[in-house]
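The values are calculated or read from the model by the stated rules, or taken from the named source; none is laboratory data. Since we're looking at a predicted model, the values are computed, not measured. Here the Cβ is made from the backbone with ideal geometry for all residues, glycine too, and neighbour counts use every protein chain on show. In case anyone asks, the SASA skips ligands and DNA or RNA and just uses the protein heavy atoms, side chains included. Shrake-Rupley method; radii C 1.70, N 1.55, O 1.52, S 1.80 Å.
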Amino acid sequence: MQIANNNIILTGAASGIGHELLLALLQFEQVNILAVDQHTITEVHPQLITLQADLSKQEGINQTFALALQKWTHIDLFIANAGYGYCETLGEPNWEKISHIFSLNVFSPIYALQKMKEQPQHKPFGMVIVSSAMAHLGIPGYALYAATKAALDRFEETYHFEKNPGDYIGMVYPVATQTHFFSTINNTAHIPYPIQSPRHVAQTIIRGILNNTRHIYPSRLFYVFSLPLRIFHFLASPYQYYYKRLLGQAR
């Protein structure tokens, strides 16, 4: 998968991992980027188009693709970085809240992949979806968030056998990252270890795209730890019970 000379859509580009990805992508030659976020994107560049849209809704995705195909003949790469999360217990019944997080974290990237497949001039394309380490290891306080990331993980595992030859699909599994999401958590004990910078995660994603890496793990420590977990899941219990205790103390 190339980055230079490509037309790229990047979501969640206003801050965090998305903003670092935007800065990194702009370093490549002849790259055209449509950066999308629900908040205003302040970056200015001659090869950058920005769009403020709600990607948890079908209309937001449709608006994004309409603008991209108005400017370009095709889209080479879609990076689905936008996501919603929170750290809290499940709480009272709230259908709207459940629908919102699944709409942005799960429905949006899957629908975007369908839109990539139906481009007027079909050619091999790339799709990168930012999932989470919690797709493999759930942590108390993140049940609903982890459920959305696990759904993406199972989707990619199955779709890998359905995709067209030449298409690239990459899944990213960051550990806790120093972004606005975690800055809203009052008790830092709820931020799961290890923690990485958004710049490191972005650089790892760029390397993964260039190397056609199917599963991108920004944390080597988590990757090594996750291998035995696939067989011996009980090894994660002390880690999970530790955060369960911290969550109970915060109530």
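Would you please give the FRET efficiency between L69 and K97, computed as 1/(1 + (r/R0)^6) with r the Cβ-Cβ distance and R0 = 41 Å, to the nearest 0.05? Walk me through the numbers before you get to the answer.
Values: r = 33 Å, r/R0 = 0.81.
Rounded to the nearest 0.05, the efficiency is 0.80.
Note on N62 and R214: their simple-model spin labels are 3.5 nm apart, each label 7 Å out from Cα toward Cβ.
Just the Kirkwood number for the chain, please: inverse of mean 1/r across all distinct Cα pairs, in Å, one decimal. Show your work: numbers first, answer last.
Values: mean 1/r = 0.0535 Å⁻¹.
It is 18.7 Å.
Rounded to the nearest 20, the size of the Cβ-charge dipole of region 120-166 about its Cα centre is 100 debye, with Lys and Arg at +1 and Asp and Glu at -1. Rolling a 1.4 Å probe over the heavy atoms of the protein chains gives the chain an accessible area of 51 Å² per residue.
Of the solvent-accessible surface of region 1-129, computed with a 1.4 Å probe and all protein chains present, 50% belongs to carbon and sulfur.
Let me have the relative contact order for region 66-132, percent, based on Cα pairs under 8 Å that are six or more residues apart. Display every interim value, and only then the final one.
Details: 46 pairs, mean separation 37.1, N = 67.
With pairs under 8 Å counted, the relative contact order is 55 percent.
Return a whole-number percent for the relative contact order of the chain, with Cα pairs under 8 Å and 6 or more residues apart as the contact set. Value for the chain: 19 percent.
Using a cut-off of 15 Å between beta-carbons, work out the net charge of the residues near S131 (Lys and Arg +1, Asp and Glu -1, S131 not included). Please list the in-between numbers first.
On the way: positive: K149, R154, R214; negative: D153, E156, E157.
Here the count lands on 0.
Taking the Cα centre of the chain as origin, work out the dipole magnitude from +1 charges on Lys and Arg Cβ and -1 charges on Asp and Glu Cβ, in debye rounded to 20.
Working: 17 positive and 16 negative charges, 119 e Å.
Rounded to the nearest 20 debye, it is 580 debye.
In loop segments of region 74-139 as defined by DSSP, the chymotrypsin sites (Phe, Trp or Tyr not before Pro) with at most 15 further C-beta atoms inside 10 Å of their C-beta are Y86.
How about K57: which lysines have a C-alpha closer than 16 Å to its C-alpha, ignoring those fewer than 8 places off in the same chain? Reachable lysines: K97, K115.
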